[in-house]
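Colleague: I'd like to ask some things about the structure below.
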Amino acid sequence: MSELLIVEDLTVTFPTTRGPVDVVKGVSFTVGRDDTVGIVGESGSGKSMTSLAIMGLLPRGARTSGSIRLDGAELLGAADRDLRRLRGDRMSMIFQDPLSSLNPYYPVGLQIEEVYRAHRGRSRRAAREVAIAALEQVGLPDAGRRADHYPHQFSGGQRQRIMIAMALVCSPALLIADEPTTALDVTVQAQILRLLADLRRQSGTGMIFITHDLAVISSIATRVLVMRRGEQVEYGTAEQVFAEPRHDYTRMLLESIPRIDDPTNDGVSA
Ligand SMILES: Nc1ncnc2c1ncn2[C@@H]1O[C@H](COP(=O)(O)OP(=O)(O)OP(=O)(O)O)[C@@H](O)[C@H]1O
Ligand SMILES: [Mg+2]
């Protein structure tokens, strides 16, 4: 069976006053249908730039080389209108910061409806029903009434759920979740992880899950990509990477995972 997403030798370069800087350097990985690829690495290692390159949403000025194919079609260098057609429909992203990606001036239900209507072009009423169903699916209580509320009227965990509902409303084949739980407390974090794992199992969506936390990766990923300073230091199945890390940096990350049975672990540092 063909892979859903194939990233080959991806490089992302920014011009700077001191010359071009590569922030992603020759990264290659694949996402199968029904796979969860975990991308892990310290801050600034290029995780978000890798996902923005896939979505065609890199900041202005960025240059790319290599290849990114979704369902066999090349995305690097594709026309804007083709990428717009794919975004929100075949591929979706849950962004690192939900407050900056939800519009503060519109009710959340309407924002989800608009994503749906942009791709499916249905009536407002049909879109409204789909939006409310999506909010129910992510476990937002009283979704019919809450759909009319504005982003600031929700907690951080609820906003994250709303972002997930928006990303899933057209049943994408590929879902990228960029640190979707970092800003949340551990209990809510665990709920969101469970929710994403359930949704992925039910709908067979290929997923890329980005975090700087290997403990989170170990709970959901089938394949793991470790990045450091734009480079891919390790890539393999989760079993391979966890059982036999080949790189010192991965071993260091693995050693820093707090263990549940460790009496010095206060459960907060994860
Ligand atoms: N607009 C830009 N112009 C130039 N360099 C940039 C720009 N945006 C980000 N960078 C650089 O790209 C590198 C990779 O950034 P990226 O956002 O992908 O890191 P990350 O792994 O997602 O980190 P974090 O865990 O903090 O989110 C960083 O060194 C950053 O300074
Ligand atoms: Mg990031």
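Colleague: How big is D, in µm² s⁻¹, for the stretch 175-223 by Stokes-Einstein at 37 °C and 0.692 mPa s if Rh is the Kirkwood radius over C-alpha pairs?
Modeller: Working: Rh = 11.0 Å.
Diffusion coefficient, whole number: 297 µm²/s.
Colleague: Can you tell me the Rg and Dmax of the stretch 1-151, counting just the alpha carbons, in angstroms?
Modeller: 17.9, 54
Colleague: Using only C-alpha positions, report the orientation-averaged shadow area of the convex hull of the stretch 1-72, nm², one decimal.
Modeller: Values: hull surface 20.9 nm².
Averaged projected area of the stretch 1-72's Cα convex hull equals 5.2 nm².
Colleague: Moving on to the next point. Which of the three applies to the stretch 168-249, rounded, prolate or oblate, going by the alpha-carbon gyration tensor with a ≥ b ≥ c and a/c under 1.5 meaning rounded?
Modeller: Prolate is the answer for the stretch 168-249, as a/c is 1.5 or above and a/b outweighs b/c.
Colleague: As an exercise, use a Förster radius of 41 Å and the Cβ-Cβ distance of Phe14 and Ser123 to find the FRET efficiency, rounded to the nearest 0.05. Kindly include the intermediate steps, with their values, before the conclusion.
Modeller: Values: r = 43 Å, r/R0 = 1.06.
In this case the efficiency is close to 0.40.
Colleague: Mind computing the radius of gyration and Dmax over the alpha-carbon atoms of the stretch 128-193? Å is fine for both.
Modeller: Rg, Dmax (Cα atoms, Å): 11.8, 32.
Colleague: Projected onto the charge dipole of the stretch 1-117 (+1 at Lys/Arg Cβ, -1 at Asp/Glu Cβ, origin at the Cα centre), which of Gly38, Ser65, Gly19 gives the Cα projection farthest towards the positive end?
Modeller: My answer, from the dipole projection, is Gly19.
Colleague: Using DSSP, restrict attention to beta bridges with both residues in the chain and report what percent are antiparallel, rounded to the nearest 5. Write down the numbers at each step before the final one.
Modeller: Working: 22 of 43 bridges.
Restricted to the chain, the bridges split so that about 50 percent are antiparallel.
Colleague: Between Ala79 and Tyr150, what's the calculated FRET efficiency when r is the beta-carbon distance and R0 is 41 Å? Round to 0.05.
Modeller: On the way: r = 34 Å, r/R0 = 0.84.
Efficiency, rounded to the nearest 0.05: 0.75.
Colleague: Next up: Taking every pair of Cα atoms in the stretch 79-228, average 1/r, invert it to obtain the Kirkwood radius, and report Rg/Rh to two decimals. Provide the component values of the computation, followed by the final result.
Modeller: On the way: Rg = 15.0 Å, Rh = 15.7 Å.
A ratio of 0.95.
Colleague: Which of the trypsin sites (Lys or Arg not before Pro) across the stretch 157-261 are loop residues per DSSP, with 12 or fewer other Cβ within 10 Å? Don't skip to the answer; put the middle values down first.
Modeller: Working: sites: Arg159, Arg161, Arg194, Arg200, Arg201, Arg223, Arg228, Arg229, Arg246, Arg251, Arg259; in loops: Arg229, Arg246, Arg259.
Passing both the DSSP loop test and the Cβ count: Arg259.
Colleague: Output needed: percent of Cα pairs per 5 Å distance bin for the chain, bins running from 0 to the one holding the longest distance.
Modeller: P(r) over the chain, rounded to whole percents: 1, 6, 12, 16, 18, 17, 13, 9, 5, 2, 0, 0.
Colleague: Further, regarding this structure: Run the dipole for the stretch 113-244 about the Cα centre, Lys and Arg Cβ at +1, Asp and Glu Cβ at -1, nothing else charged, and hand back the magnitude in debye, nearest 20.
Modeller: 640 debye
Colleague: Something else now. For the chain, what does the helix formula give at 222 nm: sum of -39500 (n - 2.57) over DSSP H segments with n ≥ 4, over the residue count, nearest 500 deg cm²/dmol? Spell out each step's value before the answer.
Modeller: Details: 11 runs with 103 residues, N = 270.
Roughly -11000 deg cm²/dmol at 222 nm, from the helical runs in the chain.
None of the figures in this text is laboratory data; all of them are computed from the coordinates on show. Just so we're clear, the structure is a prediction, and the values are computed from it rather than from any experiment. Positions of Cβ are backbone-derived with ideal geometry, glycine not excepted, and every protein chain shown enters the neighbour counts.
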